[in-house]
1. Counting only helical runs of four or more DSSP H residues, what would the 222 nm mean residue ellipticity of the chain come to if each run contributes -39,500 (n - 2.57) and the total is spread over all its residues?
2. Could you state the angle between the C-alpha long axis of helix 88-114 and the longest principal axis of the C-alpha atoms of the chain, as a value from 0 to 90 degrees rounded to the nearest 10?
3. Find the centroid of the Cα atoms in region 95-157 and in region 5-69, then give the distance between the two in whole Å.
4. To the nearest 20 debye, what is the magnitude of the charge dipole of the chain about its Cα centre, counting +1 on the Cβ of each Lys and Arg and -1 on the Cβ of each Asp and Glu?
5. For the chain, what is the relative contact order in percent, using Cα pairs closer than 8 Å and at least 6 residues apart in sequence?
6. Nearest 10 degrees is fine. How inclined is helix 2-59 to the longest principal axis of the chain, computing both from alpha carbons?
7. Of Ser34, Ser169, Ser161, which is the most mobile in a GNM of the chain whose springs link Cα atoms less than 10 angstrom apart?
8. In the chain, how many lysine pairs have Cα atoms under 20 Å apart, counting only pairs 8 or more places apart or on different chains?
Amino acid sequence: MTGITIAVVVVLLIGLYILLYNNLVKARTYTQESWSQINVQLKRRNDLIPNLVSTVQGYASYEKSTFTKVVELRNQLVAATDKPQTTDAERLQTMQLSDQLSGQLKSVFALSENYPDLKASAEFTKLMEELTNTENKIAYSRQLFNSSVASYNMKLQTFPSNLVAGMTSFKAATYLQVPEEETKTPDVSFKKYEDL
């Protein structure tokens, strides 16, 4: 009878270990999948940028430095997203490039204010809408990634799955951070309106 009890306890412990291990694998896979969603949106944006640059260049040919920087950042981001980003450092570098590119795209969008013909262009308007939608999807994908990381890291730190994680190769994942310039409070001044 004692042998049967020991066998049942061993089988239950093995079953618990397998269940916890599989839950950790599932959480890590969700984190990897949510990162791939970010990559999908980054690639979509990378595909739209050449069309945007060629459309805008026709109207604002002397803004060459802005276009050069956009193309340069796009090419760096394409190179980064073409290879798998498996480490936190690689993901951080990719997101830093993405943030820089987003900033440069804001400069391109601002050009439309100086060029009424460009602003009226249906092709430019459509590209702006698509890029804005893609930027929103990137932001959502970042949120999804961070949620997946939170869930995964929680499993790594809670008992009893932390025991299984400690015996295997599971490592904590790092959250994507908001770019520092986006966390600063904007400087709002009404001075230019005081003279009116």
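1. So the calculated ellipticity at 222 nm is -28000 deg cm²/dmol.
2. 20
3. The distance from the Cα centre of region 95-157 to that of region 5-69 comes to 15 Å.
4. That gives a dipole near 700 debye.
5. Value for the chain: 32 percent.
6. 10
7. Of the options given, Ser169 has the highest mean-square fluctuation.
8. 16
Coordinate-derived values only; no laboratory data. Source: prediction; values computed, not measured. Neighbour counts run over all protein chains shown; Cβ positions are idealised from the backbone, glycine included.
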